[in-house]
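Below: one structure, written as structure tokens.
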Amino acid sequence: MSHTITRHAQVRMCQRALRQADIDLVLSCGARVTPDAYLMTRTDIRREVATLYRRIRRVRHGRLEVPHRDTEIAALKRQIQRIECLKNVKVVVEGETVVTVYRSGVVDQRRTLRRRRNRK
């Protein structure tokens, strides 16, 4: 994705050990909880991890040809670990600009998801 990142968001990403690839993953796979925010929920993580495990099985059983089977499997497992670390990460955007990034607490999640349900 081609989102620009504010200086504030860059500082927050460094403080929270998040990379640009992590933000892109939340924006592409996470739930859009408000018009200006995305949240990586447990459901989103389960869906992405299940997809990666299916790919691992296809590689392992030879149904998907890759040049280096063991290297591909190791890379997919690292990707699974990284996705699991993104649980509850919330990205706030304004248009095509990432404004801030943080790990959402229980109270914030309930409030956000409740508002989302009420809007539907």
Taking the Cα centre of the range 15-120 as the origin, how large is its charge dipole in debye, to the nearest 20, when only Lys and Arg (+1) and Asp and Glu (-1) carry charge on their Cβ atoms?
720
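Under the classification rounded if a/c is under 1.5, otherwise prolate if a/b is larger than b/c and oblate if not, where does the range 60-120 fall, given a ≥ b ≥ c as square roots of the Cα gyration tensor eigenvalues?
Values: a/c = 2.84, a/b = 2.54, b/c = 1.12.
It comes out prolate by the Cα gyration axes.
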Build a GNM of the chain with springs between Cα atoms under 10 Å: which of GLN79, GLN15, GLN109 gets the top mean-square fluctuation?
GLN15
Whole-number Å³ per residue for the convex hull built on Cα positions in the chain:
119
Which loop-located GluC sites (Glu not before Pro) does the range 1-94 contain, where loop means any DSSP state but H, G, I, E or B and the Cβ has at most 12 other Cβ atoms within 10 Å?
GLU65
From the square roots a ≥ b ≥ c of the eigenvalues of the alpha-carbon gyration tensor of the range 42-85, which class results: rounded (a/c under 1.5), prolate (a/b over b/c), or oblate?
oblate
Given the options THR71, THR97, THR41, state which has the largest fluctuation in a GNM of the chain using a 10 Å cut-off (strictly under) for Cα springs.
THR71
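Values in this text are rule-based calculations from the coordinates and carry no lab data. Since the structure is predicted, the reported quantities are computational estimates derived from the model, not experimental observations. A quick note on method: Cβ atoms are made from the backbone with ideal geometry, for glycine too, and the neighbour counts reach across all protein chains shown.
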